[in-house]
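Below you'll find the structure, written out as structure tokens, and then a few comments.
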Amino acid sequence: MWLFWPLFVVLAVWMQLVFPGMDFLAAGIVLCMQQERPGKVLLLTLVCVVIQEGAGPLAFGASALRYGTLVVFFLLGRKLFEAGSPAFILLVAGFFSVAHYLSLKTMAGLQSLVVLDQRIFVDSVLLFFVFLVEWLVLSRIYRMIVPHASRS
Amino acid sequence: MPSISLFPRRSKRLIIFLLLAVFCFLGVYTWNWRTGALDTFAERSGMEIVIWTGTPLLWAREKIQGVWKRYIYLVALRQENDRLRAKVTDLHLQLSRLHEDAAEVSRLRALHSFQPPEEWRIEGGRVVSYRFGPHAVVESMLVDKGIAANVHTNTPVITSQGVVGRVLRSSANLSQVLMITDPNSRISAIGRDNRTQGILVGQGPGDFLHMLYVPLNDILEEGEVLVTSGLDGIFPKGLPLARVERIIRSSVSLFQTVYAVPLADLRNLEEVLLVSNVSQPVVE
């Protein structure tokens, strides 16, 4: 069981090596928040931040901002919605893709980088679908591996 | 009588928490901008995690490609092809240098002394990935050579056809390369035949490169090859960059509008060459 999250990180990195511009770690953070203790969530988020910051061209801060807003949005949304409901995950995915677009524009602007708007927009839209599909697949695998896992 | 508040207490706490979070984030961001401490930590550790976790995938990909190319796709022909490709790469590089040397000789024949050409050390590297991760807002790729192979920030990256880009950041075993097609890439360029100088700027993938600041009266021809001028202190002089595709001379501008296409095929790269300048300063 303890191998699930290290394996997830390895597979997510592999997917990112194959699919340019995509984030395969965010869905895992959300699943971790639904199923695991805060300590494990913090550790996984830190590893994800280090990977994305280290291998990306932007100065440190972009993934801290993206994953930070994702965690805050999830914690606030959990007070209003059922954390495992499809509608809530749809909302989280939508929020995350908007946050992705805005945070990258902001961070690139702070570094005076010239970025192609259309590319970030397309990546954000793709991210929405990748996030949803990956969360669905991950949560199924998690439930298969951990029979007593919560459905919420 | 109960007091009426605009915000309930819980909302107040939430707003204060969010303001504190934004304040902390901006503080850390500014501190890192000044010192670069977190950037250094992240690129050294994050890139190493990527290369170590990605190694099995890259190994498997290489093996599968190797099996296909060497055993299924005609063994002898492939080996012959590999040998000839290596030879062509070598000859391309020699030719590129000879072109520059020949041009330099004709210009400097009258002079008594001139600087000898710089010594280049070339290291081969394999392309690991294009635009890795969600932060890839620039045209970039990862190459499996890093500080351990003497690859540092601004190391030029080329193929036998032309310049690919320069290293943006590197860890021990991995480097991130900014490609010349990215709008943030600016390279000092010069026409190989007419020696007209300008700055070559990317416009995005699949788009023309623009050569900026070429005065209207300077001579530049369509089809002319642009090479690095060496004035930027990053690229060695004489590396082939792009071919001039179209020139527009407008009456309302002081400069020509020059469109060029990169000589290197940037979409299907598997291997690249990393160029280090190992020339020693002249001791008098």
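Quick note: the coordinates plus some simple rules give every number you see, no bench work behind them. Model, not experiment: these values are computed from the prediction. Positions of Cβ are backbone-derived with ideal geometry, glycine not excepted, and every protein chain shown enters the neighbour counts.
Assorted remarks:
- Summary value for chain A: 30 percent relative contact order, contacts being C-alpha pairs under 8 angstrom separated by 6+ residues.
- Counting only DSSP H runs of at least 4 residues, each contributing -39500 (n - 2.57), and dividing by the residue count of the protein assembly as shown, the helix-based mean residue ellipticity at 222 nm comes to -16500 deg cm²/dmol.
- Spatially close lysines, pair count over chain B: Cα under 29 Å, gap of eight or more or interchain: 7
- Charge tally for B:D182 (other residues, Cβ to Cβ under 12 Å; Lys, Arg +1; Asp, Glu -1): +2.
- Total formal charge among the other residues, if their Cβ is under 13 angstrom from that of A:D23, Lys/Arg +1 and Asp/Glu -1: -1
- Distance histogram in 5 Å bins (all Cα pairs of the stretch B:122-164, percent per bin): 5, 18, 29, 28, 15, 4, 0
- The mean number of Cβ atoms from other chains found within 10 Å of a Cβ in peptide B:137-147 is 3, as a whole number.
- Selection from B:V214, B:L200, B:V244, by position along the positive dipole direction of the stretch B:200-284 (Cβ): B:V214
- Spread of Cα-to-Cα distances over 20 Å intervals beginning at zero, given as percent, for the protein assembly as shown: 22, 48, 25, 5, 0, 0
- Label point at B:I199 placed 7 Å out along Cα→Cβ; residues across the stretch B:205-229 whose backbone nitrogen lies under 12 Å: B:211-214
- Check: chain B dipole with +1 on Lys, Arg Cβ and -1 on Asp, Glu Cβ, in debye: 1200
- Taking Lys and Arg as +1 and Asp and Glu as -1, the other residues whose beta-carbon sits under 14 Å from that of B:R243 total -4.
- For the stretch B:40-71 versus the stretch A:73-133, the gap between their alpha-carbon centres in whole angstrom: 28
- Inter-site label distance for B:E221 and A:L91 at 7 Å from Cα along Cβ, in nm: 6.8
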